[in-house]
1. Residue pairs, Cβ under 7 Å, 6 or more apart or interchain, first in region 58-75 and closer than 15 Å to R25 by Cβ, second of a type outside the set (K, R) and part of a helix (DSSP H, G or I). List them.
2. Return the residues of region 54-69 that are closer than 16 Å to G32 by Cα and either part of a helix (DSSP H, G or I) or touching a strand residue (DSSP E or B) at 6+ places or on another chain (Cβ under 9 Å) (or both); say none if nothing qualifies.
3. Go through (1) under 21 Å from L46 (Cβ atoms); (2) in contact with an Asp or Glu (Cβ under 6 Å, 6 or more places away or on another chain) and name the single condition R154 misses.
4. Kindly list the number of the only condition in (1) outside any helix (DSSP H, G or I); (2) under 24 Å from Q21 (Cβ atoms) that fails for N156.
5. Can you tell me which of H126, H79 is within 14 Å of T16 (Cα to Cα) and free of Cβ contacts under 8 Å to residues at least 40 places away in the same chain?
6. Criterion first (surrounded by fewer than 21 Cβ atoms within 10 Å (Cβ to Cβ), under 29 Å from F211 (Cα atoms), within 15 Å of the chain's Cα centre (by Cα) and of a type outside the set (S, T, N, Q)) does L46 satisfy it?
7. In the set E139, E114, which member is charged (D, E, K, R), surrounded by fewer than 17 Cβ atoms within 10 Å (Cβ to Cβ) and within 21 Å of D42 (Cα to Cα)?
8. Quick check on my filter: what residues within region 86-111 are in a loop (DSSP other than H, G, I, E, B) and crowded, with 21+ Cβ neighbours inside 10 Å?
Amino acid sequence: MIRAVIFDMDGLLIDTEPYWQATERKVFRELGIEITEEMQVDTFGLRTDEQIRYWYNIRPWNKLSVKQVEDRYHETMLHFFRTEAKLMEGAIEALDFFSDRGLPMALASSSNMELINAFLDRFGFHHYFTEVYSAEFEEFGKPHPAVYLETARRLNTDPVGCLALEDSFHGLIAAKAARMKTIAVPEHHDERFGASDIVLHSLKELNEAVFHQLNGTAQ
């Protein structure tokens, strides 16, 4: 039985992934490192510092520290969150769907709290979430399950009773490792998402039939 719902943020509720990826390519191009869109598949859903270290391990640089590169990411993305970013299709409907059913909801993101709060402020979404938590406070980000396990603890709910909604494979693995039910909404078809309990093309596809399927109950 689903007792609580945990949403990812980037790429699921807010349309930031293309901008994250463009920023990633731009920042590393300035360091003399060319990253293609195909190469970026391996870093989708990672925490920013872990993403930067991923590329550093492949091709080390000496121009800037990891923290300086991370700060460049952050400044660019914070401005985007506050001024340009738009909601994903079906985001409000999905939030209302679970809110109307009286289920406590949380946000568990790889983004830091300043970006999360910029998102919540911009769209007035604070009231939807009982808990808001960032993987920046954990030793490891997604695909490690720590951010999901801590969010479930804060919700005072066994992870088995939680439903996680994710758009990235790393996020999906984190939620499954935490033993949660999952809905995946990937940007592109990827057979790996078959590991999810439900795969949707858009949050607009969320409905009673999906909910009852996850609960294992008759409609």
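The values are calculated or read from the model by the stated rules, or taken from the named source; none is laboratory data. Worth saying up front: this structure is predicted, and the values here are computed from it rather than measured. Cβ coordinates were reconstructed from backbone atoms using ideal geometry, including for glycine residues, and neighbour counts include every protein chain displayed.
1. V69/V27; V69/I52; R72/V27; Y73/T23; Y73/V27; Y73/T48
2. Residues satisfying the conditions are Y54, W55, Y56, N57, I58, V66, Q68, V69.
3. (1)
4. Here N156 meets the rest and fails (2).
5. Values: H126 fails: within 14 Å of T16 (Cα to Cα).
Criteria check complete, one pass: H79.
6. Considered against the rule, which asks whether it is surrounded by fewer than 21 Cβ atoms within 10 Å (Cβ to Cβ), under 29 Å from F211 (Cα atoms), within 15 Å of the chain's Cα centre (by Cα) and of a type outside the set (S, T, N, Q), L46 comes out as yes.
7. The match here is E139.
8. M88, S110, S111
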